[in-house]
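The values are calculated or read from the model by the stated rules, or taken from the named source; none is laboratory data. Since the model is a prediction, treat every value here as computed from it, not as a measurement. Cβ placement follows ideal geometry from the backbone for every residue including glycine, while neighbour counts extend to all protein chains displayed.
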Amino acid sequence: MNQLLIDYTLHLADNSLILGQRNSEWCGHGPVLEQDIAITNISLDLIGQARNFYQYAAQLINAQDKSEGPKAPAPLERGFGGEVTEDSLAYLRKEREFSNCLLVEQPNKDWAQTILRQFFFSQYQYLLFEQLQNTKDEQLAAIAEKSLKEITYHLRWSGEWVIRLGDGTEESHQRMIKAIDELWRYTGEMFTPAEYEKTFGIDFNKIKEDWSQKVKIIFDEASLIPPLGGGGAAFMQTGGKTGKHTEHLGYILTELQYMQRAYPRCEW
Amino acid sequence: MTLHTIDKKTIYSYLEEINDPEVPVLSIIDLGIVRDVIMKNEELEVIITPTYTGCPAMDMITATIKIQLATLGFKKVKVTQVLSPAWTTEWMSEEGKRKLKEYGIAPPNAKQQVCDQKLFAAAEAVPCPHCDSYHTHRISEFGSTACKALYQCDDCKEPFDYFKCH
(Lines give C-alpha, C1' and ligand atoms only; values in the text may rest on other atoms or scores of the structure.)
Protein backbone atom coordinates (compact mmCIF):
# COMPACT_ATOMS: atom_id res chain seq x y z
CA MET A 1 0.00 0.00 0.00
CA ASN A 2 2.74 2.40 0.95
CA GLN A 3 4.63 1.55 -2.22
CA LEU A 4 1.58 2.49 -4.25
CA LEU A 5 1.40 5.81 -2.43
CA ILE A 6 5.09 6.44 -3.12
CA ASP A 7 4.71 5.55 -6.79
CA TYR A 8 1.64 7.72 -7.13
CA THR A 9 3.26 10.69 -5.43
CA LEU A 10 6.30 10.40 -7.69
CA HIS A 11 4.08 10.23 -10.75
CA LEU A 12 2.32 13.45 -9.74
CA ALA A 13 5.66 15.09 -9.00
CA ASP A 14 7.17 14.04 -12.32
CA ASN A 15 4.22 15.41 -14.30
CA SER A 16 4.65 18.81 -12.71
CA LEU A 17 8.43 18.88 -12.85
CA ILE A 18 8.77 17.89 -16.49
CA LEU A 19 6.12 20.30 -17.73
CA GLY A 20 7.63 23.02 -15.56
CA GLN A 21 11.05 22.32 -17.04
CA ARG A 22 9.62 22.35 -20.57
CA ASN A 23 7.85 25.67 -20.06
CA SER A 24 10.95 27.20 -18.54
CA GLU A 25 12.73 26.68 -21.85
CA TRP A 26 10.69 29.67 -23.03
CA CYS A 27 12.38 31.95 -20.50
CA GLY A 28 13.75 34.85 -22.51
CA HIS A 29 12.23 33.54 -25.75
CA GLY A 30 8.50 34.23 -25.30
CA PRO A 31 6.68 35.92 -28.21
CA VAL A 32 6.18 39.09 -26.16
CA LEU A 33 7.43 40.06 -22.72
CA GLU A 34 4.09 39.59 -20.93
CA GLN A 35 3.68 36.08 -22.29
CA ASP A 36 7.29 35.20 -21.55
CA ILE A 37 6.52 36.15 -17.96
CA ALA A 38 3.24 34.23 -18.03
CA ILE A 39 4.71 30.94 -19.20
CA THR A 40 7.59 31.14 -16.74
CA ASN A 41 5.16 31.98 -13.92
CA ILE A 42 3.32 28.79 -14.79
CA SER A 43 6.66 26.98 -14.68
CA LEU A 44 7.23 28.31 -11.21
CA ASP A 45 3.85 27.07 -10.02
CA LEU A 46 4.47 23.64 -11.54
CA ILE A 47 7.93 23.31 -10.03
CA GLY A 48 6.44 24.39 -6.71
CA GLN A 49 3.89 21.59 -6.98
CA ALA A 50 6.66 19.17 -7.89
CA ARG A 51 8.63 20.21 -4.79
CA ASN A 52 5.66 19.54 -2.54
CA PHE A 53 5.13 16.10 -4.03
CA TYR A 54 8.85 15.20 -4.00
CA GLN A 55 9.24 16.31 -0.38
CA TYR A 56 6.35 14.10 0.56
CA ALA A 57 7.67 11.17 -1.50
CA ALA A 58 11.10 11.54 0.12
CA GLN A 59 9.53 11.47 3.56
CA LEU A 60 7.61 8.28 2.69
CA ILE A 61 10.63 6.58 1.15
CA ASN A 62 12.90 7.39 4.09
CA ALA A 63 10.31 6.11 6.53
CA GLN A 64 9.97 2.93 4.52
CA ASP A 65 13.75 2.47 4.36
CA LYS A 66 13.91 2.79 8.10
CA SER A 67 11.28 0.17 8.77
CA GLU A 68 12.06 -2.30 5.99
CA GLY A 69 15.61 -1.49 4.96
CA PRO A 70 16.41 -0.02 1.55
CA LYS A 71 14.94 -1.96 -1.29
CA ALA A 72 17.36 -4.08 -3.22
CA PRO A 73 18.07 -3.31 -5.92
CA ALA A 74 17.55 0.27 -4.86
CA PRO A 75 14.99 1.87 -7.13
CA LEU A 76 16.45 5.28 -6.50
CA GLU A 77 19.95 6.52 -6.14
CA ARG A 78 20.48 7.23 -2.48
CA GLY A 79 22.14 10.55 -2.83
CA PHE A 80 22.76 13.32 -0.38
CA GLY A 81 23.94 11.56 2.73
CA GLY A 82 22.08 8.29 2.29
CA GLU A 83 18.71 9.91 2.68
CA VAL A 84 16.40 10.51 -0.21
CA THR A 85 15.54 14.19 -0.64
CA GLU A 86 13.41 16.22 -3.01
CA ASP A 87 16.62 17.01 -4.87
CA SER A 88 17.85 13.45 -5.19
CA LEU A 89 14.46 12.45 -6.56
CA ALA A 90 14.57 15.14 -9.21
CA TYR A 91 18.26 15.01 -10.06
CA LEU A 92 19.38 11.43 -9.57
CA ARG A 93 16.69 9.24 -11.02
CA LYS A 94 17.03 7.88 -14.50
CA GLU A 95 14.70 8.02 -17.43
CA ARG A 96 12.92 4.74 -16.76
CA GLU A 97 12.30 5.76 -13.15
CA PHE A 98 10.32 8.82 -14.21
CA SER A 99 6.62 8.12 -14.54
CA ASN A 100 5.24 11.35 -15.99
CA CYS A 101 2.68 11.27 -18.78
CA LEU A 102 4.06 11.41 -22.30
CA LEU A 103 2.18 14.62 -23.00
CA VAL A 104 4.25 16.79 -20.66
CA GLU A 105 7.60 15.77 -22.15
CA GLN A 106 6.65 16.69 -25.73
CA PRO A 107 8.78 19.47 -27.19
CA ASN A 108 7.71 23.10 -27.13
CA LYS A 109 7.98 23.54 -30.91
CA ASP A 110 6.01 26.72 -31.59
CA TRP A 111 3.74 28.77 -29.33
CA ALA A 112 0.68 26.88 -30.59
CA GLN A 113 2.04 23.52 -29.47
CA THR A 114 3.19 24.88 -26.12
CA ILE A 115 -0.22 26.46 -25.51
CA LEU A 116 -2.16 23.38 -26.50
CA ARG A 117 -0.01 21.11 -24.33
CA GLN A 118 -0.61 23.42 -21.38
CA PHE A 119 -4.32 23.60 -22.03
CA PHE A 120 -4.72 19.81 -22.33
CA PHE A 121 -2.71 19.25 -19.18
CA SER A 122 -4.22 22.05 -17.09
CA GLN A 123 -7.71 20.88 -17.92
CA TYR A 124 -6.76 17.36 -16.87
CA GLN A 125 -4.96 18.51 -13.74
CA TYR A 126 -7.87 20.72 -12.74
CA LEU A 127 -10.34 17.83 -12.91
CA LEU A 128 -7.92 15.39 -11.29
CA PHE A 129 -7.04 17.66 -8.37
CA GLU A 130 -10.69 18.50 -7.81
CA GLN A 131 -11.11 14.84 -6.90
CA LEU A 132 -7.69 14.43 -5.31
CA GLN A 133 -8.38 17.13 -2.72
CA ASN A 134 -10.91 14.72 -1.22
CA THR A 135 -8.68 11.67 -1.25
CA LYS A 136 -8.03 9.87 2.02
CA ASP A 137 -4.33 10.65 2.05
CA GLU A 138 -4.21 14.00 3.81
CA GLN A 139 -0.98 15.31 2.36
CA LEU A 140 -1.91 14.54 -1.26
CA ALA A 141 -5.27 16.17 -0.60
CA ALA A 142 -3.60 19.27 0.84
CA ILE A 143 -1.22 19.66 -2.09
CA ALA A 144 -4.11 19.26 -4.53
CA GLU A 145 -6.22 21.81 -2.67
CA LYS A 146 -3.36 24.30 -2.66
CA SER A 147 -2.47 23.79 -6.31
CA LEU A 148 -6.01 24.06 -7.65
CA LYS A 149 -6.12 27.81 -7.25
CA GLU A 150 -3.05 28.21 -9.40
CA ILE A 151 -4.24 25.70 -11.97
CA THR A 152 -7.39 27.79 -12.35
CA TYR A 153 -5.23 30.59 -13.72
CA HIS A 154 -3.21 28.24 -15.95
CA LEU A 155 -6.42 26.91 -17.39
CA ARG A 156 -7.94 30.29 -18.03
CA TRP A 157 -4.79 31.61 -19.61
CA SER A 158 -4.14 28.61 -21.88
CA GLY A 159 -7.82 28.31 -22.82
CA GLU A 160 -7.92 31.94 -23.89
CA TRP A 161 -4.84 31.39 -26.02
CA VAL A 162 -6.30 28.29 -27.70
CA ILE A 163 -9.28 30.43 -28.74
CA ARG A 164 -7.11 33.32 -29.82
CA LEU A 165 -4.87 31.17 -31.99
CA GLY A 166 -7.55 28.81 -33.31
CA ASP A 167 -9.89 31.64 -34.19
CA GLY A 168 -7.10 34.04 -35.18
CA THR A 169 -5.32 34.30 -38.52
CA GLU A 170 -5.09 31.60 -41.18
CA GLU A 171 -1.49 31.00 -40.06
CA SER A 172 -2.30 30.65 -36.35
CA HIS A 173 -5.27 28.41 -37.17
CA GLN A 174 -3.07 26.11 -39.25
CA ARG A 175 -0.52 25.93 -36.47
CA MET A 176 -3.16 24.93 -33.97
CA ILE A 177 -4.35 22.16 -36.30
CA LYS A 178 -0.78 20.93 -36.55
CA ALA A 179 -0.40 21.04 -32.77
CA ILE A 180 -3.60 19.02 -32.33
CA ASP A 181 -2.27 16.41 -34.79
CA GLU A 182 0.97 16.20 -32.82
CA LEU A 183 -0.46 16.09 -29.30
CA TRP A 184 -3.86 14.44 -29.45
CA ARG A 185 -2.37 10.94 -29.39
CA TYR A 186 -0.82 11.62 -25.98
CA THR A 187 -4.06 12.67 -24.29
CA GLY A 188 -5.55 9.19 -23.87
CA GLU A 189 -2.81 8.12 -21.48
CA MET A 190 -3.96 10.64 -18.87
CA PHE A 191 -7.25 8.80 -18.44
CA THR A 192 -5.78 5.30 -18.42
CA PRO A 193 -4.81 4.64 -14.80
CA ALA A 194 -1.61 2.77 -13.97
CA GLU A 195 -1.71 0.27 -11.09
CA TYR A 196 -0.58 2.84 -8.56
CA GLU A 197 -3.37 5.26 -9.51
CA LYS A 198 -6.19 2.88 -8.76
CA THR A 199 -6.48 3.02 -4.99
CA PHE A 200 -7.05 6.71 -4.35
CA GLY A 201 -10.70 6.92 -5.23
CA ILE A 202 -10.17 8.80 -8.48
CA ASP A 203 -12.88 8.30 -11.09
CA PHE A 204 -10.91 8.40 -14.34
CA ASN A 205 -13.95 7.83 -16.51
CA LYS A 206 -15.51 10.95 -15.11
CA ILE A 207 -12.32 12.94 -15.68
CA LYS A 208 -12.22 11.74 -19.26
CA GLU A 209 -15.84 12.61 -19.88
CA ASP A 210 -15.57 16.06 -18.33
CA TRP A 211 -12.25 16.73 -20.02
CA SER A 212 -13.64 15.89 -23.46
CA GLN A 213 -16.63 18.10 -22.86
CA LYS A 214 -14.59 21.08 -21.63
CA VAL A 215 -12.13 20.76 -24.49
CA LYS A 216 -15.01 20.69 -26.92
CA ILE A 217 -16.41 23.96 -25.55
CA ILE A 218 -13.09 25.70 -26.09
CA PHE A 219 -12.44 24.03 -29.45
CA ASP A 220 -15.89 25.06 -30.71
CA GLU A 221 -15.15 28.65 -29.78
CA ALA A 222 -11.74 28.36 -31.42
CA SER A 223 -13.09 26.81 -34.67
CA LEU A 224 -11.03 23.68 -34.06
CA ILE A 225 -11.98 20.04 -34.34
CA PRO A 226 -10.23 17.14 -32.58
CA PRO A 227 -9.18 14.12 -34.69
CA LEU A 228 -12.12 11.88 -35.59
CA GLY A 229 -14.34 14.43 -33.90
CA GLY A 230 -12.80 13.48 -30.56
CA GLY A 231 -14.22 9.95 -30.83
CA GLY A 232 -12.67 6.96 -29.13
CA ALA A 233 -11.23 5.45 -32.31
CA ALA A 234 -8.12 7.66 -32.49
CA PHE A 235 -4.86 5.85 -31.68
CA MET A 236 -3.48 6.73 -28.26
CA GLN A 237 0.14 6.27 -27.26
CA THR A 238 0.78 5.20 -23.66
CA GLY A 239 3.80 4.13 -21.60
CA GLY A 240 5.01 7.19 -19.72
CA LYS A 241 3.24 6.27 -16.51
CA THR A 242 5.25 3.07 -16.33
CA GLY A 243 8.56 4.59 -17.39
CA LYS A 244 8.45 3.95 -21.13
CA HIS A 245 9.01 7.36 -22.58
CA THR A 246 9.37 9.06 -25.91
CA GLU A 247 12.93 9.96 -26.85
CA HIS A 248 12.40 13.51 -25.61
CA LEU A 249 12.60 12.76 -21.89
CA GLY A 250 16.24 11.73 -22.08
CA TYR A 251 17.19 15.09 -23.52
CA ILE A 252 15.22 16.94 -20.87
CA LEU A 253 16.94 15.03 -18.07
CA THR A 254 20.33 15.55 -19.65
CA GLU A 255 19.86 19.27 -19.29
CA LEU A 256 17.95 19.21 -16.01
CA GLN A 257 20.39 16.90 -14.24
CA TYR A 258 23.61 18.14 -15.79
CA MET A 259 25.00 19.88 -12.73
CA GLN A 260 24.43 16.94 -10.37
CA ARG A 261 25.85 14.49 -12.88
CA ALA A 262 28.92 16.59 -13.61
CA TYR A 263 29.51 17.77 -10.03
CA PRO A 264 27.84 15.23 -7.74
CA ARG A 265 26.31 16.77 -4.61
CA CYS A 266 27.18 20.28 -5.60
CA GLU A 267 25.14 22.95 -3.89
CA TRP A 268 24.74 26.67 -4.10
CA MET B 1 13.23 38.92 30.74
CA THR B 2 13.41 35.15 30.49
CA LEU B 3 12.04 33.33 27.51
CA HIS B 4 9.19 31.90 29.57
CA THR B 5 7.73 35.30 30.23
CA ILE B 6 7.54 36.30 26.60
CA ASP B 7 3.96 36.12 25.44
CA LYS B 8 2.53 35.44 22.02
CA LYS B 9 1.69 39.07 21.50
CA THR B 10 5.34 40.05 21.79
CA ILE B 11 6.33 37.32 19.35
CA TYR B 12 3.70 38.48 16.88
CA SER B 13 4.96 42.04 17.19
CA TYR B 14 8.40 40.80 16.21
CA LEU B 15 6.98 38.84 13.30
CA GLU B 16 5.10 41.95 12.25
CA GLU B 17 8.45 43.51 11.41
CA ILE B 18 9.25 40.89 8.80
CA ASN B 19 8.27 41.98 5.33
CA ASP B 20 7.57 39.94 2.26
CA PRO B 21 10.79 40.30 0.24
CA GLU B 22 8.83 40.58 -3.00
CA VAL B 23 6.18 43.01 -1.78
CA PRO B 24 8.19 44.82 0.88
CA VAL B 25 5.31 47.03 1.96
CA LEU B 26 3.51 44.04 3.48
CA SER B 27 4.48 42.22 6.65
CA ILE B 28 4.01 38.49 6.87
CA ILE B 29 1.23 39.19 9.38
CA ASP B 30 -0.54 41.51 6.91
CA LEU B 31 -0.32 38.77 4.31
CA GLY B 32 -1.92 36.27 6.64
CA ILE B 33 0.71 33.60 6.18
CA VAL B 34 1.50 33.12 9.89
CA ARG B 35 -0.97 30.54 11.13
CA ASP B 36 0.19 29.93 14.65
CA VAL B 37 3.04 30.19 17.10
CA ILE B 38 3.55 27.32 19.52
CA MET B 39 5.77 27.73 22.56
CA LYS B 40 7.19 24.71 24.27
CA ASN B 41 9.69 25.41 27.02
CA GLU B 42 12.35 27.43 25.26
CA GLU B 43 11.47 26.21 21.81
CA LEU B 44 9.26 27.93 19.32
CA GLU B 45 7.40 26.55 16.39
CA VAL B 46 6.07 29.01 13.86
CA ILE B 47 3.51 27.62 11.48
CA ILE B 48 3.29 29.36 8.14
CA THR B 49 1.51 28.69 4.90
CA PRO B 50 2.86 29.52 1.46
CA THR B 51 1.01 32.06 -0.64
CA TYR B 52 1.90 30.36 -3.90
CA THR B 53 3.25 26.86 -4.26
CA GLY B 54 6.38 27.93 -6.08
CA CYS B 55 6.90 31.23 -4.31
CA PRO B 56 10.67 31.63 -3.95
CA ALA B 57 10.15 34.10 -1.10
CA MET B 58 9.13 31.31 1.28
CA ASP B 59 12.68 30.08 1.88
CA MET B 60 13.82 33.60 2.61
CA ILE B 61 10.87 34.27 4.92
CA THR B 62 11.67 31.08 6.83
CA ALA B 63 15.26 32.19 7.33
CA THR B 64 14.21 35.70 8.35
CA ILE B 65 11.76 34.38 10.95
CA LYS B 66 14.57 32.41 12.59
CA ILE B 67 16.91 35.38 12.63
CA GLN B 68 14.24 37.75 13.92
CA LEU B 69 13.20 35.49 16.78
CA ALA B 70 16.83 34.88 17.67
CA THR B 71 17.04 38.59 18.48
CA LEU B 72 14.32 37.92 21.08
CA GLY B 73 16.49 35.21 22.57
CA PHE B 74 15.00 32.10 21.04
CA LYS B 75 17.74 29.78 19.90
CA LYS B 76 15.51 26.95 18.80
CA VAL B 77 12.97 28.04 16.25
CA LYS B 78 11.28 25.62 13.96
CA VAL B 79 9.34 26.92 10.98
CA THR B 80 6.76 24.50 9.69
CA GLN B 81 4.90 24.91 6.42
CA VAL B 82 1.35 23.70 6.18
CA LEU B 83 -0.65 23.62 2.96
CA SER B 84 -4.18 23.05 4.13
CA PRO B 85 -6.38 25.01 4.45
CA ALA B 86 -4.85 26.74 1.46
CA TRP B 87 -3.88 30.37 1.78
CA THR B 88 -6.32 32.85 0.36
CA THR B 89 -6.19 36.59 -0.20
CA GLU B 90 -9.22 36.75 2.09
CA TRP B 91 -6.73 36.42 4.93
CA MET B 92 -4.96 39.62 4.02
CA SER B 93 -5.57 42.27 6.67
CA GLU B 94 -7.44 45.48 5.84
CA GLU B 95 -4.32 47.32 6.91
CA GLY B 96 -2.39 45.25 4.39
CA LYS B 97 -4.81 46.13 1.62
CA ARG B 98 -4.52 49.81 2.47
CA LYS B 99 -0.73 49.64 2.43
CA LEU B 100 -0.76 47.85 -0.92
CA LYS B 101 -2.91 50.50 -2.55
CA GLU B 102 -0.74 53.26 -1.16
CA TYR B 103 2.27 51.46 -2.61
CA GLY B 104 0.64 51.44 -6.06
CA ILE B 105 -0.54 47.86 -6.18
CA ALA B 106 -4.27 47.25 -6.52
CA PRO B 107 -5.33 45.07 -3.57
CA PRO B 108 -7.08 41.75 -4.23
CA ASN B 109 -10.79 41.79 -4.90
CA ALA B 110 -12.96 40.13 -2.31
CA LYS B 111 -13.87 36.92 -4.08
CA GLN B 112 -11.94 34.71 -6.41
CA GLN B 113 -13.31 34.88 -9.87
CA VAL B 114 -13.40 31.30 -10.89
CA CYS B 115 -12.43 30.00 -14.21
CA ASP B 116 -15.76 29.74 -15.90
CA GLN B 117 -15.21 27.59 -18.90
CA LYS B 118 -18.22 28.99 -20.61
CA LEU B 119 -15.81 31.47 -21.80
CA PHE B 120 -14.28 32.79 -18.72
CA ALA B 121 -17.06 35.24 -18.09
CA ALA B 122 -16.45 38.93 -17.85
CA ALA B 123 -13.10 40.27 -16.77
CA GLU B 124 -12.70 41.23 -13.13
CA ALA B 125 -13.31 44.90 -12.39
CA VAL B 126 -10.08 46.16 -10.88
CA PRO B 127 -9.86 49.79 -9.75
CA CYS B 128 -6.73 51.76 -10.54
CA PRO B 129 -4.72 52.30 -7.33
CA HIS B 130 -3.66 55.75 -8.54
CA CYS B 131 -6.90 57.42 -9.66
CA ASP B 132 -9.55 54.90 -8.46
CA SER B 133 -11.05 54.57 -11.91
CA TYR B 134 -12.68 51.25 -12.77
CA HIS B 135 -11.97 51.99 -16.39
CA THR B 136 -9.02 49.58 -16.57
CA HIS B 137 -8.00 46.55 -18.59
CA ARG B 138 -5.86 43.52 -18.02
CA ILE B 139 -2.57 43.41 -19.90
CA SER B 140 -1.49 40.03 -18.59
CA GLU B 141 -2.81 37.38 -16.23
CA PHE B 142 0.71 36.97 -14.87
CA GLY B 143 2.95 39.72 -13.55
CA SER B 144 6.34 40.36 -12.05
CA THR B 145 5.73 37.87 -9.22
CA ALA B 146 3.47 34.84 -8.88
CA CYS B 147 0.91 36.79 -6.86
CA LYS B 148 0.34 39.64 -9.30
CA ALA B 149 -1.29 40.38 -12.64
CA LEU B 150 -0.57 43.36 -14.87
CA TYR B 151 -3.26 45.97 -15.60
CA GLN B 152 -3.46 49.39 -17.17
CA CYS B 153 -5.74 52.29 -16.35
CA ASP B 154 -7.62 53.69 -19.35
CA ASP B 155 -8.14 57.03 -17.67
CA CYS B 156 -4.80 58.00 -16.16
CA LYS B 157 -2.99 55.57 -18.52
CA GLU B 158 -0.75 54.25 -15.75
CA PRO B 159 0.09 50.56 -15.87
CA PHE B 160 -0.18 48.91 -12.46
CA ASP B 161 0.13 45.61 -10.65
CA TYR B 162 -2.93 43.88 -9.28
CA PHE B 163 -2.52 41.49 -6.36
CA LYS B 164 -4.58 38.61 -7.70
CA CYS B 165 -7.50 37.09 -5.94
CA HIS B 166 -6.51 33.71 -4.70
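Points worth noting:
- Flag for B:S84 being modelled with pLDDT of 90 or more and of a type in the set (G, A, S): no
- Considering residues of the stretch A:126-144 that are in contact (Cβ under 8 Å) with a residue 24 or more places away in the chain and in contact with a Phe, Trp or Tyr (Cβ under 8 Å, 6 or more places away or on another chain) only, the residue farthest from the other protein chains (Cβ to nearest Cβ): A:K136
- Residue within the stretch A:209-231 that is among the charged types (D, E, K, R) and loosely packed, with under 12 Cβ neighbours inside 10 Å present: no
- Members of the stretch A:5-46 that are small (G, A, S), closer than 17 Å to B:G143 by Cβ and assigned to a helix (DSSP H, G or I): A:A38, A:S43
- The sole residue among B:L119, B:L72, B:L44, B:L100 that is assigned to a loop (DSSP other than H, G, I, E, B) and either modelled with pLDDT of 90 or more or more than 13 Å from every other protein chain (Cβ to nearest Cβ) (or both) is B:L72.
- Residues that are at the interface with chain B (Cβ under 9 Å from one of its Cβ atoms) and of a type in the set (K, R) within the stretch A:9-66 comprise just one, A:R51.
- Residues in the stretch B:141-164 that are part of a loop (DSSP other than H, G, I, E, B) and under 26 Å from B:G54 (Cβ atoms) were compared, and the one that is farthest from the chain's Cα centre (by Cα) is B:E141.
- Put simply, of B:N19, B:N41, B:N109 the only residue that is in the same structural domain as B:C131 (by TED's automatic domain parsing) and farther than 21 Å from A:N52 by Cα is B:N109.
- Residue among A:S88, A:S122, A:S147, A:S158 that alone is within 13 Å of chain B (Cβ to nearest Cβ), touching an Asp or Glu at 6+ places or on another chain (Cβ under 8 Å) and assigned to a helix (DSSP H, G or I): A:S147
- Any chance A:Y153 is away from every other protein chain (no Cβ under 14 Å) and under 28 Å from B:T53 (Cα atoms): no
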